[in-house]
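See structure below.
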Amino acid sequence: MTVSRKGSRTGMLDKLLTVTAALALVIAALSVRIQRAPLSGPLLALLTGVVFGPEVLGVLDLPTVVEGHAELHEASRLLLAVSVMAIALRYPFRDVRSGVKPLTVLLVVAMLGMALITTALSAVVLGVGLGAAALLGAALCPTDPVLASSVVTGEPAEKGVAARTRQLLSLESGANDGLALPLVLAAVAIAGTLSGGDALLESLWQVLGAVVFGAAAGALGGKALRTAERHRTVQSGPLLVYTLLLALFVLGAAGLMRLDGVLAVFVSGLAFNATSSVSERADEDKNDEAVNRFLVLPLFAVFGAMIPWREWGELGWWRGALLVLGVLLLRRLPVLLALKRPLSLAWRDVVFMGWFGPVGVSALFYLTMEAHRLGADPVVLAAGTLVIAASTLAHGVTTAPGLALYARAGQRDRDREAAR
């Protein structure tokens, strides 16, 4: 009996829904304990994908990232849109406006530094040419908003970490996902046939167009909601529904105009924040953040099932280990330490932000974008996904201890201040 392709896809979707929904139920039931344990939702989802993937149980029989990069790109694009919208609405707009100067330093100087360091590490450790190294450096430089959310939201983070530090890390991770695009296009120009002038023009169109369109869409959306509430033409309900629809509209429309969709969604969220009554809905915001945390699970489960094990092996274990250690330890922390004074950060804050700048969904988004534009490079995809998996593991197991260490360091500083 022949099974149709459509039936095979439906069966795989059912399996994926079953596995990820069961995992989400377990995480929801044990959410308080998981927040205090050396685990995270994305890490548990990644491990679940590995276990149920083709290399172990074979329940999720998916192609590797090398063959299935197009589908993974679209999934990561949707998840990033939801995530950056949540970040844009996380803080009152007046607080966002007060952090423009340090945020600019992080988005311009720090991100460029992270891209250059990662490019150099890739070239030296992997022995690849400038084109492949630049592709890795650009794709892996953004701070991931999905993985970073575990250290800026939730009771342990809100009680232990300084509000300014959480805000800077949140806004950086939301904004640099879209603003990394010019670096990615420059890397595509180095590695492929795109000229430098074409890369510059495309960057300007995508970034500036995204800012203008996102700001207009968000402002109109916020004013429309305020007007509807004033005239009582809208039913009361979770803000998540309205903002999710706004995010999907902006993402889709930006795609049709060939703009930077992720950046457009983030800017629209900021504009919506500034013009709507979102600041008056703190309780709803917490519910929205909780829902967003569960939306990441299917993507990480799929990623775990699509890990390119053979390509990882072909990198060589020592090269892979050196690259992972180099990226995790040298990509971000030295840059933040050098920028300690311009960012006006205490030592504990700069070390905290220097470590918790994970590589995750945003890197997966740009790696698969590069593969779409240039064709899949097994070495680039293998090295990039290895770093993503390692970052998910490393930051997943250090979140709870890191938050506890930060809180103790803060208490020691307060005790010393009181003793003076």
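The alpha carbons of the range 1-140 stretch over 63, 44, 30 Å along the principal axes, in descending order. Between rounded, prolate and oblate, where does the range 158-223 land on the alpha carbon gyration tensor, with a ≥ b ≥ c its root eigenvalues, rounded for a/c under 1.5, else prolate if a/b exceeds b/c? It is oblate, given that a/c is not under 1.5 and a/b is not larger than b/c. With a cut-off of 13 Å between beta carbons, the residues surrounding residue 70 carry a summed charge of -2, where Lys and Arg count +1 and Asp and Glu -1. Placing unit charges on the Cβ atoms only, positive for Lys and Arg and negative for Asp and Glu, gives the range 303-392 a dipole magnitude near 380 debye about its Cα centre.
Going by accessible surface with a 1.4 Å probe and the largest first, 366, 91 read 91, 366.
Considering only 39, 256, 270, the Gaussian network model of the chain with Cα springs below 10 Å gives its largest mean-square fluctuation to 256. A viscosity of 1.567 mPa s and a temperature of 4 °C, combined with the Kirkwood radius over Cα pairs in Stokes-Einstein, give a translational diffusion coefficient for the range 74-201 of 82 µm²/s. Size check on the range 284-420: the Cα extents along the three principal axes, sorted descending, read 61, 40, 26 Å. The orientation-averaged projection of the convex hull spanning the C-alpha atoms of the chain amounts to 22.5 square nanometres.
Between 127, 49, 178, the residue with the greatest mean-square fluctuation in the GNM of the chain (Cα pairs under 10 Å linked by springs) is 127. When the Cα convex hull of the range 68-125 is projected onto planes of every orientation, the mean area is 5.9 nm². Here residue 377 sits with roughly 60 square angstrom of accessible surface, probe radius 1.4 Å. Residue 94 exposes around 150 Å² of accessible area when a 1.4 Å probe is run over every protein chain in place. Put 229, 311, 67 in order of accessible area, highest first, and with a 1.4 Å probe you get 67, 229, 311. Selection among 64, 209, 313 by position relative to the dipole of the chain gives 209 as farthest towards the positive end (Cβ unit charges, Cα centre). The HN-Hα couplings worked out from phi for the range 96-103 by the Karplus form 6.51 cos²θ - 1.76 cosθ + 1.60 (θ = phi - 60°) are 4, 5, 6, x, 5, 5, x, 5 Hz, whole numbers, x standing for Gly and Pro.
Of the DSSP H helices in the chain, those that are both long (alpha-carbon extent of 18 Å or more along the helix axis) and hydrophobic (Kyte-Doolittle mean at least -0.5) are 5-29, 69-88, 111-126, 163-179, 196-230, 239-256, 261-275, 317-330, 361-374, 378-419. When the residues 388, 190 are ordered by accessible surface, computed with a 1.4 Å probe over the protein chains alone, the sequence from largest down reads 190, 388.
The values are calculated or read from the model by the stated rules, or taken from the named source; none is laboratory data. Remember, predicted model here, so these are calculated numbers, not experimental data. Reconstructed Cβ throughout: ideal geometry from the backbone, glycine too, with neighbour counts over all protein chains shown. Ligands, DNA and RNA are excluded from the accessible area calculation, which covers all protein heavy atoms including side chains. Shrake-Rupley method; radii C 1.70, N 1.55, O 1.52, S 1.80 Å.
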